[in-house]
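Please treat every number below as a calculation from the coordinates, not as lab data. Just so we're clear, the structure is a prediction, and the values are computed from it rather than from any experiment.
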Amino acid sequence: MKELLFLCILITAFDFFLIIYAFTIPLYPKKWRNEVNKKYKNETATGVTIVFVTMAACFLWIIYFYFWIFKL
């Protein structure tokens, strides 16, 4: 149970990091962002990663609270 809680907190912290990173992307110079987006599709990859990490965090928290509420 403690391991699952630790994993939930870890994934949630990573999700917060990604969200903060996504909000800071416009602060980088436009020229640099265009060069990076041509090669790596950075903004698209960041958005897709945020969606999947948030989904994983939500599922982990649901599983944790299910076990916590029903004392399994």
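Normalised Debye scattering of the range 2-70 at q = 0.17 Å⁻¹ gives log10 I(q)/I(0) of -0.67, counting only Cα atoms as equal scatterers and leaving out solvent. Shown for the chain: lysine pairs separated by 8 or more places, or found on different chains, whose C-alpha atoms are under 16 Å apart, numbering 6. Roughly what angle does helix 30-40 make with the longest principal axis of the chain, taking Cα atoms, 0 to 90 degrees, to the nearest 10? Relative to the chain, helix 30-40 is tipped by roughly 60 degrees. Helix 2-24 axis versus longest C-alpha principal axis of the chain: approximately 20°, rounded to the nearest ten.
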